Amino acid sequence: MLLALLLITAAVAIHFQALLALSAWQERSAGASGHFKVLMIIFGLIAAHAVEAGVFAAGYALGERWLRLGTFVGAARMSASQFFYFSIEAFTTQGVGDVYPIGPLRLVASLEPLAGLILIGWSTTFTFLAMGLDWRFARAFSSEVDAGSREENTLKQRSRAPDLTPSGRETL
């Protein structure tokens with residue numbers, strides 16, 4: 001249980017720092033396109049999730065090899081890439097099941113999807129807010145430009161339009 005709590009705490013701390021960094025970057029890059037910023041945020045979040053799954057993978061290796069908290073079935077000897085593969089499966093709740101832990105490591109493997117769901121949900125919310133911020137400003141600016149253009153066009157049309165007197169005759 002202690003290993004699971006340490007890994008969850010590390011993953012949450014990494015995620016929090018990633019969101020802070022992405023938020024600061026979003027503010028600093030005010031001149032960049034909103035679409036570009038959202039794409040960079042998505043790539044940043046994917047990288048953060050990969051690092052977080054890597055933390056869990058290191059925890060599985062530590063648990064299996066040094067703490068002797070269990071072993072994995074489905075692989076003769078787990079390599080770093082296999083630990084990472086299993087961790088990504090658990091983190092994303094995919095759970096293919098071709099490799100799985102036995103022994104107390106099952107608790108870590110049971111709690112990682114919970115952490116993964118919460119962190120992925122947090123990323124989704126962050127992305128939604130980032131999109132709203134950047135795309136709303138883009139729409140507002142676009143609407144102001146459009147409104148200004150409409151007003152300008154209306155004034156131009158009025159200046160060229162013939163002036164009708166109440167008698168209905170055109171004056172020049």
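The values are calculated or read from the model by the stated rules, or taken from the named source; none is laboratory data. None of these values were measured; they are calculated from a predicted model. Surface accessibility is based on the protein's heavy atoms, side chains included, excluding ligands, DNA and RNA. Shrake-Rupley method; radii C 1.70, N 1.55, O 1.52, S 1.80 Å.
Extension gain for Phe128 to Ala80 (0.36 nm times residue separation, less C-alpha to C-alpha distance): 13.9 nm.
Heavy-atom accessible area per residue, the stretch 6-117, 1.4 Å probe: how many Å²?
Numbers: 5840 Å² over 112 residues.
Per-residue accessible area for the stretch 6-117 comes out at 52 Å².
Measuring nothing but protein heavy atoms, the accessible surface of the stretch 1-104 at 1.4 Å probe radius is 71 percent carbon and sulfur.
Taking 0.36 nm per residue of separation and subtracting the current Cα-Cα distance, fully stretching the chain between Val96 and Trp25 would add 22.0 nm.
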